[in-house]
Amino acid sequence: MASKHKAAAPAPSLEWMKLTAAEVQAEAAADALVIVPVASMEQHGPHLATGVDTVLGGTVALETARRMVEAGHRVIVTPVCWAGLAEHHMAFGGTVTLDQATFQAVLRGVVGSASRHGFRRVFLMNGHGGNSEAIGTAATDLAVEFGIRVGGATYWHMVPEVIAPLLERQQTLMHACEAETSMMMHLAPASVRPELLSKAHGPTSSRVPGQPPGLLMRRSFREITKSGVVGDARVASAEKGARLLDAITTKCAELLANPELWKTR
Ligand SMILES: [Zn+2]
């Protein structure tokens with residue numbers, strides 16, 4: 001039997017900021033999932049604008065939500081939290097970073113507000129590698145503090161199996177790389193400088209040789225990559241970007257729709 005929530009009329013927009021306060025409250029009453037895209041503004045090599053993570057993180061969140069709503073779920077998406085943890089990119093310029101305490105405080109304010117309005121399920125959808133660990137910390141702490149379900153993940157970590165087969169020179173999404181550049185060519189071509197693509201390549205990992213998979217140790221990208229790129233954007237294309245976005249958001253929507261994730265006792 002369909003739940004009473006699914007019977008209510010869907011909101012006129014997926015985007016929190018395009019709904020009236022009453023419309024947002026109706027989504028809370030319908031037990032909608034709130035997706036909070038979390039990004040960063042930082043250098044993305046010689047060929048991409050600094051806003052890549054906001055464009056990609058925001059679009060992946062919205063497209064995921066759109067697919068979930070089409071499948072009958074209630075979801076709304078907040079605007080992107082555009083500033084994140086990017087200390088390791090500061091040496092290149094063009095970068096904004098928060099400190100850890102401020103980053104956690106921003107997420108606490110956003111999730112706490114949603115909770116006070118009656119939302120009981122929040123997903124922090126991260127689009128920036130430097131935020132990965134902090135997103136997990138936020139989700140864990142905020143779930144306890146507000147007594148609601150809070151999950152968090154970096155989008156490409158959730159769906160590695162759909163990304164790998166679409167790439168030629170990488171196994172996964174890296175930085176200003178084949179994957180990010182392709183999706184930007186598809187979504188925001190004005191933020192790409194094609195004449196600089198030939199310089200847009202770097203090492204195949206941000207980890208040093210011999211660094212075990214579970215060992216966390218961030219270092220300045222200045223030490224790792226001359227171009228600011230990790231991966232190889234020279235084989236990027238808009239067509240590949242469209243396929244990546246489709247595959248990523250289809251799979252994310254499927255995963256986040258799993259009722260087991262959000263079940264409470
Ligand atoms: Zn980033």
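The values are calculated or read from the model by the stated rules, or taken from the named source; none is laboratory data. Fair warning: this is a prediction, and the values are worked out from it, not measured in the lab. Here the Cβ positions follow ideal geometry from the backbone for every residue, glycine too, while neighbour counts run over all protein chains shown.
Structure above, values below:
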{"item": "Criterion violated by Thr64 - all others in (1) crowded, with 24+ Cβ neighbours inside 10 Å; (2) of a type outside the set (D, E, K, R); (3) out of contact with any Cys (no Cβ under 6 Å at 6 or more places or on another chain) satisfied", "result": "(3)"}
{"item": "Residue among Val106, Val159 that alone is closer than 22 Å to Leu56 by Cβ, surrounded by fewer than 19 Cβ atoms within 10 Å (Cβ to Cβ) and in contact with a Cys (Cβ under 9 Å, 6 or more places away or on another chain)", "result": "Val106"}
{"item": "Residues satisfying the stated conditions in the range 41-60, i.e. within 14 Å of the ligand (Cβ to nearest atom) and polar (S, T, N, Q)", "result": "Gln43, Thr50, Thr54"}
{"item": "Selection within the range 78-104 - part of a loop (DSSP other than H, G, I, E, B), closer than 26 Å to Ala143 by Cβ and touching a helix residue (DSSP H, G or I) at 6+ places or on another chain (Cβ under 8 Å)", "result": "Thr78, Pro79, Val80, Trp82, Ala83, Leu85, Ala86, Leu98"}
{"item": "Answer residue from the range 103-127, given it is under 17 Å from the mean Cα position of the chain (by Cα) and free of Cβ contacts under 8 Å to residues at least 60 places away in the same chain and is nearest to the ligand (Cβ to nearest atom) among those", "result": "Phe103"}
{"item": "Residue match in the range 239-256 (condition: surrounded by fewer than 16 Cβ atoms within 10 Å (Cβ to Cβ) and either touching a Pro at 6+ places or on another chain (Cβ under 6 Å) or not in a helix (DSSP H, G or I) (or both))", "result": "no"}
{"item": "Residues of the range 21-61 that turn out to be among the β-branched types (Val, Ile, Thr), touching a Pro at 6+ places or on another chain (Cβ under 8 Å) and over 18 Å from Phe123 (Cβ atoms), as a count", "result": "0"}
{"item": "Subset of the range 61-98 [β-branched (Val, Ile, Thr) and either touching a strand residue (DSSP E or B) at 6+ places or on another chain (Cβ under 6 Å) or away from the ligand (no atom under 13 Å from the Cβ) (or both)]", "result": "Thr64, Val69, Val75, Ile76, Val77, Thr78, Val80, Val96"}
{"item": "Residues being on the phi > 0 side of the Ramachandran plot and under 15 Å from the mean Cα position of the chain (by Cα) - total across the range 128-181", "result": "1"}
{"item": "Subset of the range 27-40 that is of a type in the set (Gly, Ala, Ser) and buried (at least 23 other Cβ atoms within 10 Å of the Cβ) - its residue that is farthest from the ligand (Cβ to nearest atom)", "result": "Ala32"}
{"item": "Any hit, the range 140-150, residues being crowded, with 21+ Cβ neighbours inside 10 Å and either of a type in the set (Val, Ile, Thr) or closer than 22 Å to Gly45 by Cβ (or both)", "result": "yes"}
{"item": "Spans of helices (runs of 4 or more DSSP H) in the range 1-77 with at least 3 residues without any contact (Cβ under 8 Å) to a residue 60 or more places away in the chain", "result": "21-29, 52-70"}
{"item": "Candidates Leu107, Leu124 - the one that is closer than 16 Å to Ala39 by Cα and assigned to a strand (DSSP E or B)", "result": "Leu124"}
{"item": "Conditions (1) surrounded by 14 or more Cβ atoms within 10 Å (Cβ to Cβ); (2) at pLDDT 95 or above; (3) in contact with a Gly (Cβ under 9 Å, 6 or more places away or on another chain); number of the one not met by Ser206", "result": "(2)"}
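Condition check ((1) closer than 19 Å to Glu254 by Cα; (2) in contact with a Ser or Thr (Cβ under 7 Å, 6 or more places away or on another chain)) across all residues:
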residue: Thr59; (1), (2): yes, no
residue: Glu63; (1), (2): yes, yes
residue: Met68; (1), (2): yes, no
residue: Pro79; (1), (2): no, no
residue: Leu85; (1), (2): no, yes
residue: His89; (1), (2): no, yes
residue: Gly93; (1), (2): no, no
residue: Leu98; (1), (2): no, no
residue: Val111; (1), (2): no, no
